[in-house]
Amino acid sequence: MTTPGSTSSSPSRPPDAADGALFDAATVEHGIIYAYGVVSAHSTPETNGLVSESIAGHRELREEAIARLAARNVMPPVPAVGYQMPFVVEGPAAAAKLAVRLEEDSAVAWRAVLEQAKASDDREMAVAALTQCAARAAKWRAVLGVVPTTVAFPGGTE
C-alpha cells in the first residue's frame, strides 16, 4: 500500500463504521491515483491504454466515495502531498507489479466498505468496485505473465 509521504491535514476518520470504511476507501484511492502516475512513467506504450483505464476507474471510485461522504455531512479525506511507494519501481515489470499491488490494495479497502455498509447502495458500489479491481488486477497479472491471473476472493486472504 502507498503511504503518505508527509503529514496530511486530512479530516479525522469518522467514528461510524460504515462512514469510516468509506473514508478509508477514499483515502486509499487518493494514494492509488498518485501511484498510477509512477506506473505510467515506467510503463511501455503497449500498456498505456490499461494505465489510462485504471486511473480513470480509480478516479471515479474516489469521486463517488467523496460524494457519498459529503452527502452524509462527513468531511472527506484530502490527498497527501506525496506518497511512499511500497517498493522501488524501475522499469515496466516493476510498474506492472505495482499496478497489481494497487488493485489488490483497493480491493481490500472496498471489501471493508462491503463488510461495514449499512445501505444497500453502498454495498452495490463496493461489489462493483471489487469487481473492477479484480478485473484490472487480472489484466495486470496477464501483462506480467502470472498464472492464474485471478484470485478467488479479491480483497481477502482466503
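The values are calculated or read from the model by the stated rules, or taken from the named source; none is laboratory data. Bear in mind that the values here come from a model prediction, so they are computed numbers and not experimental data. Every residue, glycine as well, gets a Cβ built from its backbone with ideal geometry; the counts of neighbours run over all protein chains shown.
Taking the criterion of being under 16 Å from ILE66 (Cα atoms) and either at pLDDT below 95 or of a type in the set (A, V, I, L, M, F, W, C) (or both), the residues of segment 120-158 that qualify are MET125, ALA126, ALA129. Among ALA138, ALA129, which is crowded, with 17+ Cβ neighbours inside 10 Å, without any contact (Cβ under 8 Å) to a residue 24 or more places away in the chain and assigned to a helix (DSSP H, G or I)? Result: ALA138 is the single residue among ALA138, ALA129 that is crowded, with 17+ Cβ neighbours inside 10 Å, without any contact (Cβ under 8 Å) to a residue 24 or more places away in the chain and assigned to a helix (DSSP H, G or I).
Scanning segment 60-97 for residues that are polar (S, T, N, Q) and either part of a loop (DSSP other than H, G, I, E, B) or free of Cβ contacts under 8 Å to residues at least 40 places away in the same chain (or both) gives a single hit, ASN73.
Go through segment 57-102 residue by residue and tally those that are of a type in the set (Asp, Glu) and crowded, with 16+ Cβ neighbours inside 10 Å. The total comes to 1.
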